[in-house]
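Enquirer: Sharing a structure, written as structure tokens. Questions coming.
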Amino acid sequence: MKTTQKSKRKLKLVKHLALLIAPMFFVACFNDKKEEAENAAEIPVNQEMIAELTAPPHVPTPVGTRKAKKLIVKMEILEEEGEMTDGVKYVYWTFGGSVPGSFIRTRVGDEVEFHLQNHPDNKLPHNIDLHAVTGPGGGAESSFVAPGHSKVFSFKTLNPGLYVYHCATAPVGMHIANGMYGLILVEPAGGLPKVDKEYYIMQGDFYTKGANGERGLQPFDMQKAVDEHADYVVFNGKVGALTGDNAITAKVGETVRLFVGNGGPNLVSSFHVIGEIFDKVHVEGGDMINENVQTTLIPAGGAAIVEFKVDVPGTFILVDHSIFRAFNKGALAMLKVEGEEDKKVYSGEIRDDIYLPEGPGIQTMPTTDEIVASEVPAKSFEEQMEFGKQAYMQTCFACHQGEGQGIPNAFPPLANSDYLNADVNRAIDIVLNGLTGEITVNGEKYNSVMTRQSLSSDEVANVLTYVYNSWGNNGTVVTKEMVEKVKNKK
Amino acid sequence: MKTKAFSLIIFCCVFQTFLFAQTEGMVYIEGSRYLPLYGRDSTVVEVNDFKMDVYPVTNKEFKQFVEKFPKWQKSKVIKLFADDSYLSNWKNDLELKDTENPDSPVTYVSWFAAKAYCECQGKRLPTVDEWEYVAMADETTKDARVKLSYNAKILSWYETPRSNENLIGQTPKNIWGVYDLHGLVWEWTLDFNSVLITGESRKDVDKDSNLFCGSASVNATDLMNYAAFMRYAIRGSLKAKYAMKNLGFRCVQDVNEKK
């Protein structure tokens, strides 16, 4: 009697086991790709969670080992004026008030309930196409929302990877060109491997009525966009979004992971970090990992995850290595690494050739003898300082840095500079005509190249006045006449 | 004087079918055939002669209307005909908020309300074809769509915030004598949703759906007229009960005698 009961129990157990195992057999019948999708679609969700959204360059907390959940994403669309670069205003259309839009972090199997809210002050209808969505239009059709309204739709994340989202309302190109793009990350079960630092960077090209640097509120220029003649190519929506005080940071020995996207609308990015080699690149944001990569191509409407360990301290420059975009249109960001030097890895004595591959010949802007003088000449010392600062931030900042401190071994400081204060005419001459070769500034030797700057006499006067009246310099006021005098000597 | 005006309105509403003479503040639009950006198979459409309001309807005018017709007052309107944003820039049923100007265009009005307003005056809302026909004119030309300046001006308005707070009549008068079609607020049209835009603008190029929207559209008759794309997009996003901050209206009237 006892034994039969036991065997019955056993039989039950086997039956249960068989039931459990059976689906696995079914799944195994499908090909590999299908299997993943099928599995992902069947991942059960329990519990609700409000998604953490972050403005660039920050990313939300990693998913870690959490189970798939119902994730509520509330994204507000704002049309608002911002600053493209100093003195240049632009009306951005944004997801969540930033360009790129808020970063969304999910894991595979999450059921995302997406609330798209179009602010009542907005003029236009918008929608969202998330490349992470499996479904017609990526959600665009279901999310088409008039100003002052909110639309809700939901989707399940089936494929892990880093995906672009963008607005897809007509005219699509214009909505994207005005900044309506961002990234959504779908992490695999268990999450991506842990790293020390994670950042969010997205490139975009902008088309303005006025030329690069022209002051004032600049409207979008449809013709330039159609012709693909970008005035600005920038990381995170504006020139200098990630330079100077806004630079991203890490410590020596840390592993940095960058989620890099390209919103376009037109240009493909040759993403490169000067002085680093990517240990790992999730090619095109997918599963394939390439190792030891110098420059990775990021298509418009595409993304990549790059990882590297920083071994030495210093400032590392992130660029679109389609290099004119970096130095002339704004596609330049900085990663500042602090910590102990490692002379084995990098001696520090050889001159920093960050900017040298391009050489002076290439970087010189084609100039005519008549450079168009800026439309509004400075009327007072205060205006000279203001305009001078704008010119400085556009022209000098990348090398000489925000506080005129320069970059050790590469670019001499302007702050408290004996070389600068010694001779104002020499300084004017250098801005007008450039300087190559060894000089000594505050006791340090520099052997580098500064190209001639295509600035009008007014602008040279302003920028030098700004420099001479900042950071402990001797307060010289440079006038247009002084500049003309030096100009005409030659 | 006031009572006289009211009695005239009542008179008009009662006898609207007999009266087509109320043309104050309207101009004559000579009809014609033209090729719209979108439309039925992208063919030429014909617009008959009609009269159009010179200005969009103002807050002040709409106030007179709700005084006369309480069922369109903020607290009394039937929810089916106007969503919660209806007249949300009004303090109460009959008063604007202090920040609003009586001579600004009325906004936060639903299609139903706009339609009722026009009908009460023996008028109606313009059709999309009529509206676009008059709106393609600039100060000197009846069809200015080929001019770069025309498109640039309109696009720049789309990027200007808070223009709904401006007063009527401040934009240049077009060749028909009509003001503010561009540069102030969006305007309701009678058949605003007849050109369906699904919201998935790239799919709209599909001929089956007879929708020609989106930057990828190869069917649009005027590929560069992005300004118009945006008008059709906003219309496509609307429902008749919506009331929006940047959306007002004006009326038109048929001209009966055949030429």
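Enquirer: Name, by its number, the condition in (1) away from chain B (no Cβ under 14 Å); (2) more than 27 Å from residue B:231 (Cβ to Cβ); (3) in contact (Cβ under 8 Å) with a residue 60 or more places away in the chain that does not hold for residue A:101.
Expert: Failing condition for residue A:101: (2).
Enquirer: Here's another thing I want to ask about it. State all residues of the range A:413-448 that are aliphatic (A, V, I, L, M) and under 23 Å from residue A:480 (Cα atoms); if no residue qualifies, say none.
Expert: Start the filter on the range A:413-448 by keeping residues that are aliphatic (A, V, I, L, M), which leaves A:414-415, A:420, A:422, A:424, A:427-428, A:430-432, A:435, A:439, A:441.
Scanning the range A:413-448 gives A:414, A:415, A:420, A:422, A:424, A:427, A:428, A:430, A:431, A:432, A:435.
Enquirer: Taking only the range A:193-231 into account, find how many residues are more than 14 Å from chain B (Cβ to nearest Cβ) and farther than 23 Å from residue A:103 by Cα.
Expert: Start the filter on the range A:193-231 by keeping residues that are more than 14 Å from chain B (Cβ to nearest Cβ), which leaves A:193-205, A:211-215, A:229-231.
Right, trim to farther than 23 Å from residue A:103 by Cα and you get A:211-215, A:229-231.
The total comes to 8.
Enquirer: Do you know which residues across the range A:267-289 are touching a residue at least 12 places away in the same chain (Cβ under 8 Å) and assigned to a strand (DSSP E or B)? Outline the logic, then answer.
Expert: At the first step, the residues of the range A:267-289 found to be touching a residue at least 12 places away in the same chain (Cβ under 8 Å) are A:267-287.
The answer is A:269, A:270, A:271, A:272, A:273, A:274, A:278, A:279, A:280, A:281, A:282.
Enquirer: Is there a residue being modelled with pLDDT of 50 or more and touching a helix residue (DSSP H, G or I) at 6+ places or on another chain (Cβ under 7 Å) anywhere in the range B:15-25?
Expert: Checking the range B:15-25: not a single residue is modelled with pLDDT of 50 or more and touching a helix residue (DSSP H, G or I) at 6+ places or on another chain (Cβ under 7 Å).
Enquirer: Could you check how many residues of the range A:428-445 are without any contact (Cβ under 8 Å) to a residue 40 or more places away in the chain and either assigned to a loop (DSSP other than H, G, I, E, B) or surrounded by 14 or more Cβ atoms within 10 Å (Cβ to Cβ) (or both)?
Expert: Within the range A:428-445, residues that are without any contact (Cβ under 8 Å) to a residue 40 or more places away in the chain and either assigned to a loop (DSSP other than H, G, I, E, B) or surrounded by 14 or more Cβ atoms within 10 Å (Cβ to Cβ) (or both) number 7.
Enquirer: Next question, about the same structure. For residues that are touching a Phe, Trp or Tyr at 6+ places or on another chain (Cβ under 9 Å) and under 25 Å from residue A:226 (Cα atoms), scanning just the range B:124-153, find the one that is nearest to the other protein chains (Cβ to nearest Cβ).
Expert: Here the answer is B:151.
Enquirer: Are there any pairs with C-beta distances below 8 angstrom linking a residue in the range A:324-337 that is in contact (Cβ under 8 Å) with a residue 24 or more places away in the chain and of a type in the set (A, V, I, L, M) to a residue that is crowded, with 24+ Cβ neighbours inside 10 Å and in a helix (DSSP H, G or I), with the two at least 6 apart or on different chains, and if so which?
Expert: Filtered contacts from the range A:324-337: A:332/A:326.
Enquirer: Follow-up question, since we're still on this one. Would you pick out the residues in the range A:125-145 that are facing chain B (nearest Cβ under 7 Å), modelled with pLDDT of 90 or more and either part of a helix (DSSP H, G or I) or surrounded by fewer than 24 Cβ atoms within 10 Å (Cβ to Cβ) (or both)?
Expert: A:145 - this is the single residue of the range A:125-145 that is facing chain B (nearest Cβ under 7 Å), modelled with pLDDT of 90 or more and either part of a helix (DSSP H, G or I) or surrounded by fewer than 24 Cβ atoms within 10 Å (Cβ to Cβ) (or both).
Enquirer: Go through (1) modelled with pLDDT of 65 or more; (2) within 10 Å of another protein chain (Cβ to nearest Cβ) and name the single condition residue B:241 misses.
Expert: Condition not satisfied by residue B:241: (2).
Enquirer: Just to be sure I understand the filter: pairs with C-beta atoms under 6 Å, separated by 6 or more residues or on different chains, first member in the range A:164-179 and within 7 Å of chain B (Cβ to nearest Cβ) and free of Cβ contacts under 8 Å to residues at least 12 places away in the same chain, second member buried (at least 24 other Cβ atoms within 10 Å of the Cβ) and aliphatic (A, V, I, L, M). Which pairs pass?
Expert: A:170/B:233
Enquirer: Could you say which residue among A:186, A:88, A:133 is within 23 Å of residue A:55 (Cβ to Cβ), out of contact with any Pro (no Cβ under 9 Å at 6 or more places or on another chain), in contact (Cβ under 8 Å) with a residue 60 or more places away in the chain and among the hydrophobic types (A, V, I, L, M, F, W, C)? Full working, then the answer.
Expert: On the way: A:186 fails: out of contact with any Pro (no Cβ under 9 Å at 6 or more places or on another chain); A:133 fails: in contact (Cβ under 8 Å) with a residue 60 or more places away in the chain.
That would be A:88, the only listed residue that is within 23 Å of residue A:55 (Cβ to Cβ), out of contact with any Pro (no Cβ under 9 Å at 6 or more places or on another chain), in contact (Cβ under 8 Å) with a residue 60 or more places away in the chain and among the hydrophobic types (A, V, I, L, M, F, W, C).
Enquirer: Within the range B:154-183, which residues are among the charged types (D, E, K, R), more than 14 Å from every other protein chain (Cβ to nearest Cβ) and either buried (at least 18 other Cβ atoms within 10 Å of the Cβ) or not in a loop (DSSP other than H, G, I, E, B) (or both)?
Expert: B:180
The values are calculated or read from the model by the stated rules, or taken from the named source; none is laboratory data. Please read all numbers here as calculations on a predicted model, not as lab measurements. No Cβ is skipped: glycine too gets one built from the backbone with ideal geometry, and neighbour counts run over all protein chains shown.
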